[in-house]
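Throughout, read-outs are computed from the coordinates displayed, never taken from laboratory work. Remember, it's a predicted structure, so these values are computed and weren't measured experimentally. Cβ placement follows ideal geometry from the backbone for every residue including glycine, while neighbour counts extend to all protein chains displayed.
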Amino acid sequence: MTDFRKYLPLIILGVLVLFGFSMCNTYNKLGPMEEGVKKAWSQVENQYQRRADLIPNLVNTVKGYANFEQETLQKVVEARASATQVKIDVGDLTEENIRRYEQAQQGLSGALGRLLAVAENYPDLKANQSFLDLQKQLEGTENRISVERKNFNEAVEGYNAYIRRFPTNMIAGMFGFSKKGYFQAAPGSEKAPEVKF
């Protein structure tokens with residue numbers, strides 16, 4: 001029994017050292033994972049910004065057609081202004097903030113969709129090479145947005161899963177690492193569109 005008491009301080013010190021190494025290892029993993037989420041968010045923002053940058057050229061191309069509905073153009077311009085005003089601090093990627101950002105972007109998507117639908121009524125516009133090029137670029141950008149949103153959600157999933165583990169959750173809480181929000185599917189997207197002929 002005396003031998004055990006003699007080694008007790010060393011055992012306690014050993015446990016504390018192991019805990020310290022574990023804590024450092026967890027912290028050192030959390031930092032790069034959070035940076036990965038921030039990087040993925042940055043790529044999402046870049047693609048949305050690319051889309052926003054294409055819209056003035058699209059609007060100017062469409063303006064050249066005198067009969068084109070001015071109200072439709074005005075709604076696109078207003079939706080773009082609204083979408084570009086919504087900013088999220090990369091350190092505050094909560095579900096609520098992402099939902100707010102996504103709603104502004106969906107408003108712009110809807111306005112663009114209406115613009116392109118109305119453009120179908122203008123054969124000369126549909127044949128305009130600038131309009132066709134911009135339409136292709138917008139389509140490509142929408143695809144990039146979809147890919148970057150998927151990449152962001154994957155980065156968030158890995159990060160959120162890691163900070164929920166025990167004892168990582170305690171260490172994450174001590175150092176301010178918090179859960180990040182996801183992009184969600186638009187309401188109603190779970191239902192297939194009804195096609196009528």
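May I ask you to list the lysines whose Cα is less than 19 Å away from that of K75, ignoring any residue fewer than eight positions away on the same chain?
Excluding near neighbours in sequence, the set is K63.
Give me I98, I11 sorted ascending by neighbouring Cβ count inside 10 Å, so fewest comes first.
I11, I98
Would you calculate a helix-derived [θ] at 222 nm for the chain, using -39,500 (n - 2.57) for each DSSP H run of n ≥ 4 and dividing by the full residue count, to the nearest 500?
Using -39500 (n - 2.57) per qualifying helix, the result is -27000 deg cm²/dmol.
Mind sorting R165, R80 by how few other Cβ atoms lie within 10 Å of their own Cβ, fewest first?
Least to most surrounded, the residues fall as R165, R80.
Which lysines does K39 reach when only Cα atoms under 19 Å apart count, and residues fewer than 8 places away in its own chain are ignored?
K29, K87, K150, K179, K180
Given a 10 angstrom Cα cut-off, can you work out which residue in E95, E139, E71 is the most mobile in a GNM of the chain?
Of E95, E139, E71, the most mobile in the Gaussian network model is E71.
Mind ordering 3-9, 154-160 by average Cβ neighbours within 10 Å, highest first?
154-160, 3-9
Write down the radius of gyration of segment 2-174 and its Dmax, each obtained from C-alpha positions, in Å.
25.7, 99
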